[in-house]
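Contents: one structure, followed by commentary.
Every number here is computed from the coordinates shown, using simple stated rules; none is lab data. This structure is a prediction, so every number in the text was calculated from the model and none was measured. In this analysis, Cβ positions are derived from the backbone assuming ideal geometry, glycine residues included, and neighbour counts consider all displayed protein chains.
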Amino acid sequence: MIRVFTLALVLLAAVTAALPYVPSAAAAAKGKIVLAWHAGFASRWLDPQEHDGTATPDNFFWALHDGLVKNQGTKLFDHPALAEKFSIAADAKSATFTLRKGVKFHNGDPITAQDVKFSYESYRGAKADVFKNRTERVEIVDAGTIRFVFKEPFLDFGILFGTSNVAAPGWIVPEKYYKQVGPDAFKQKPIGAGPYKLVRQEPGVKVEMEAFDGYYRPVHTKELVMVAVPEAATRVAMLERGEADIIYNVPGELINKVKSMKGVTLAPVLSGSFFLEFVNFQDPKNPFRDTRVREAVSLAIDRRGMNQVESGGLGKVSGNWINDDVLYALDWPEFPRNVEKAKQLLREAGYPNGFDVDWVTPLPAFYSRGERVIAQLREVGIRGRLQTMERGIFFQKLRGGLKEFPGVQLILHGVRIAGSWSFWYEAYMKCGGSNSRDRICVKELDDKFDRYEKSVNPAERKKLAEEIQRAILENHYLVPVYRHAFVNAIGPKVAAQKWQDVFPTITTGYAYPWEDLKVRD
Amino acid sequence: MAAFIARRILYSVVTLVILSGTIFLIVRLTGDPVLLMAEAGASTEDLARIRQQWGLDRSWAVQYVTFMQNALTGELGKSFNYRLPVSELYFQRLPNSLQLGLFATLISLLIGVPAGIVSAVKVNTWWDSIAKGVALLGLSIPGFWLGLVLILVFSVSLRWLPTSGAGDWRHVLMPAVALGWYFAASMLRLTRSSMLEVLGSEYIKLARLKGLPDVVVIAMHAFKNALIPVFTLAGVNLVVMVNAAVIIEVIFAWPGIGRLLYEGIFQRDFPLVQGVVILAGFMIVGINLVVDIAYAVIDPRIRLTR
């Protein structure tokens, strides 16, 4: 079975193999695109060596840097970039990459296997411990070929290595320059191998870039400027005035305004999944211990209404709490809304008059979504109060585990994790998981998950993945609400038939690959 | 005089030490910055590594002593978020903030002082009522609302001015009006009360008895004396505008110190928040010190008062 899987991977790599090298691509680049951001920039976002594993820094990596393979378009992780081909050994104990010929950094230095080795070995960002612990050595086979040898079969290597919004040990920095200037100075004047090179940055405010004429793919727009504009109404005004060409994050109350603007296209990119967690439902005293009560909660939730009001109807009401753009995500039909049946289930469970929930805590700052959940639960007799907190405190409490959420509590999570379904399970369902901690413990599922982690048989892994997800959904251990839309907008200057032309990469809410952006003639 | 100056300097130093301790404690009460620097699923080992990297694994006392030792040499630490020395970030943004602060101060003076004088001279007339109404509006209209209205009118509808960012004089106009408007109200109220006090004084009555025209009495005698507290307030306001115009800078995406502070607070960037507050405190304390000494030089009674 391992052979079959390996053969499939090799074929996949071959089929998707490198696009031909196109030199001096920027010669044809023209125009300027200004992108107005919803947040201030952190300088560390310009250095893939310190990727924090969130979905924001990859915007900058994709402009200034490049990886061996990456998640591009509909490819989850294996789009060949600086590597023209790669293969994973039959026993999944090594992976070999061949560099594209003639690729260079912005300073003209060629990209070598030694740069790849350095980038991998000195990587200290998200999941660095996973790569370090599982890698035995990195071998330079020749100037253009490098092999990663693992201590044991490492089936998730490809997806971890190639998903830019999960980890970035495969994003290549120039060893010589990096060592020469040091990590902090590198963040101020990064040199990469991406389609754009840095012209100037004002830390936290603006990053100005211009097309790199040594990139191996055509770069269509000459200047790319990213500006941080925290206020949404200001971003919309910039778009209306033509001061910005793409704006991120249009909040619900401004969607109609943007819709009415001439020549402007809304880009409602499906993003994070919102779902409810029943804190400590295994406790015999907890009303949510009863499956009927959890199902009643699911039946009480007005998912379509939530999508309509919170995302202008641009989100998606799907059955699974795990996004469908990750490995082994299970397709599941939409859960129905049925208030009468919910009340009946509560009566059968011994709660004819409902019960009180101490706190309902939504992901900051999606407080209005928490209020809607409370209102919908009240219709079936479950009475809750909203608990709001600052974002950092929220995650701190999540990590604190059960002691931070005593009594009867619900948490409305909003999550987007790229890569694999298993990252979702590990973070939000597993006993002792990075965010679930000790609030949820379903031993039977955790045992299966352990089997999944240890298995080197892809078919078995897929079967286990689906069994676990099915059990979660059938038992209402977590209750999916909806997948919200990260609503962006595209101005008339950007050449696009449809918004997907500007936001083609399904594993992210952002507009990369940047080199494909075109200014209208 | 020397003893007075020494005493004032000592008070200033004590104020800054208290300020540094307070801000050091307050930022740490907001939570653990490492949780915002690491990925959501970061391991405990990763979190510990980052904590150690930034010296956050040491006791608060040790961190504070280190911070103060560095501060005495002019080093306010390195920003977690930007990986640059805080002082460098501060002075990068200072020109923008000074530009905005000076424009806003000018606007507040141009609106507040004439309106305050008219209000005092025409006390209890409809002129006075209009001026009081303006002051009320200035104090009650939220800056963020005024800012957005200005953008909608002058950028989106009329297309006269750019919506946001820094650049030439056209960029600074709207944020300066939105910021200066609030301070104009306080200027107006202070000018009015100060003018009323001066206009009721004996020497003004004497000037009137001598038959001097109203214009001369107001312009030559009352105005100058009434403006002393107004300009003192303008100086303090300027420091506040330079360092803490948070909302206006966010609305107009103005790359100033207020926005730097805002980002630092949201990212729990301890060195950045501490540094900006200390530098702002230093400016305010410094200005007060200069004003105190200037008063003492002008009026000997002040330096004799303990």
Quiz item: Among B:Ser157, B:Ser194, A:Ser455, what is the fewest-to-most ranking by other Cβ atoms within 10 Å?
Solution: B:Ser157, A:Ser455, B:Ser194
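Quick check on chain A: helices-only [θ] at 222 nm, where DSSP H runs of length 4 and up contribute -39,500 (n - 2.57) each and the sum goes over total residues. Nearest 500, please.
Working: 16 runs with 165 residues, N = 521.
So the calculated ellipticity at 222 nm is -9500 deg cm²/dmol.
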Exercise. Averaging sequence separations of C-alpha pairs under 8 Å and six or more residues apart, then dividing by the length of the range B:1-104, give the relative contact order as a whole percent.
Key: 11 percent
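Got the relative contact order for the range A:272-484 handy, in percent, Cα pairs under 8 Å and 6 or more residues apart?
Numbers: 384 pairs, mean separation 73.8, N = 213.
Reported relative contact order: 35 percent.
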Exercise. For a quick protection proxy, order the peptides A:389-401, A:503-515 by their average other-Cβ count within 10 Å, most packed first.
Key: A:503-515, A:389-401
Quiz item: Quick one: Cα centre-to-centre distance for the range B:219-237 and the range A:82-155, in angstrom?
Solution: 70 Å
Quiz item: In chain A, how does Rg compare with the Kirkwood Rh, expressed as the Rg/Rh ratio over alpha carbon atoms?
Solution: 0.98
Quiz item: How high is the relative contact order of chain A, in percent, with contacts defined as C-alpha pairs under 8 Å that are six or more residues apart?
Solution: 20 percent
Exercise. For B:Leu110 paired with B:Val149, estimate the spin-label separation in nm (one decimal), with each label point 7 Å from Cα along the Cα-to-Cβ line.
Key: 1.9 nm
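May I ask you to list the chymotrypsin sites (Phe, Trp or Tyr not before Pro) in the range B:111-181 that are in a DSSP loop and have at most 11 other Cβ atoms within 10 Å of their Cβ? Write down the numbers at each step before the final one.
On the way: sites: B:Trp126, B:Trp127, B:Phe144, B:Trp145, B:Phe154, B:Trp160, B:Trp169, B:Trp181; in loops: B:Trp160.
Passing sites in the range B:111-181 are B:Trp160.
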Quiz item: So which DSSP H runs in chain B come out at 24 Å plus along the axis (Cα) with average Kyte-Doolittle of at least 1.6?
Solution: B:2-29, B:270-298
Quiz item: Counting Lys and Arg as +1 and Asp and Glu as -1, what is the net charge of the other residues whose Cβ lies under 11 Å from the Cβ of A:Trp332?
Solution: -4
Quiz item: Which of the trypsin sites (Lys or Arg not before Pro) found in the range A:456-521 are in a DSSP loop and have at most 16 neighbouring Cβ atoms, other than their own, within 10 Å?
Solution: A:Lys498, A:Arg520
Exercise. Obtain the nm distance between the two label points defined at A:Glu371 and B:Ser157 by a simple spin-label model: each point lies 7 Å from its Cα along the Cα-to-C-beta direction.
Key: 2.9 nm
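Across the residues of A:229-241, average count of Cβ atoms on other protein chains within 10 Å? Don't skip to the end; give the middle numbers.
Working: counts 7, 8, 11, 0, 8, 11, 3, 3, 8, 8, 1, 7, 8.
If you average over the peptide's residues, the count of other-chain Cβ atoms is 6.
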Quiz item: Angle between the Cα long axis of helix A:339-348 and the longest principal axis of chain A, 0 to 90 degrees, nearest 10?
Solution: 60 degrees
Quiz item: When the helices in chain B are scored as -39500 (n - 2.57) per DSSP H run of 4 or longer and the sum is shared across all residues, what 222 nm value do you end up with, to the nearest 500 deg cm²/dmol?
Solution: -24500 deg cm²/dmol
Quiz item: Could you give the length gained on full extension between B:Ser87 and B:Gln53, defined as 0.36 nm per residue of separation minus the Cα-Cα distance, in nm?
Solution: 10.2 nm
Self-check item: Max mean-square fluctuation residue, GNM over chain B, Cα-Cα springs under 10 Å, options B:Leu212, B:Leu179, B:Leu199
Solution: B:Leu212
Practice problem: Shielding by partners for B:267-277, please: the mean number of other protein chain Cβ atoms within 10 Å of each residue's Cβ. | Solution: 1
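Order of A:Asp290, A:Asp47, A:Asp331 from fewest to most other C-beta atoms within 10 Å? Provide the component values of the computation, followed by the final result.
Details: A:Asp290 17, A:Asp47 27, A:Asp331 10.
The most exposed by this proxy come first: A:Asp331, A:Asp290, A:Asp47.
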Self-check item: Among B:Leu136, B:Leu272, B:Leu188: highest mean-square fluctuation, GNM of chain B, C-alpha pairs under 10 Å
Solution: B:Leu136
Exercise. Could you please state, rounded to a whole Å, how far the C-alpha centre of the range B:241-289 is from the C-alpha centre of the range B:35-80?
Key: 20 Å
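What is the mean number of Cβ atoms from other protein chains located within 10 Å of the Cβ atom of each residue in peptide B:251-258, rounded to a whole number? Could the numbers behind the result be given before it?
Numbers: counts 5, 3, 13, 1, 8, 1, 0, 0.
For peptide B:251-258, the averaged partner shielding equals 4.
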Exercise. Report the label-to-label distance for A:Lys259 and A:Thr388 in nanometres (one decimal), using points 7 Å from each Cα along the Cα→Cβ vector.
Key: 2.6 nm
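Between A:Cys431 and A:Lys341, what is the FRET efficiency for a Förster distance of 30 Å, r being their Cβ-Cβ separation, to the nearest 0.05?
Numbers: r = 31 Å, r/R0 = 1.03.
In this case the efficiency is close to 0.45.
Among residues other than A:Thr265 whose Cβ falls under 13 Å from its Cβ, what is the net charge (Lys/Arg +1, Asp/Glu -1)?
Summing Lys/Arg as +1 and Asp/Glu as -1 gives +3.
Need one word for the range A:272-484: rounded, prolate or oblate. Basis is the Cα gyration tensor (sqrt eigenvalues a ≥ b ≥ c); a/c below 1.5 gives rounded, then a/b vs b/c decides.
On the way: a/c = 1.40, a/b = 1.36, b/c = 1.03.
Rounded, since a/c falls under 1.5.
Which chymotrypsin sites (Phe, Trp or Tyr not before Pro) from the range A:291-387 combine a DSSP loop assignment with at most 15 other Cβ atoms within 10 Å?
Loop-located and lightly packed - none at all.
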Self-check item: Choice from B:Ser12, B:Ser129, B:Ser87 with maximal GNM fluctuation in chain B (Cα, 10 Å cutoff)
Solution: B:Ser129
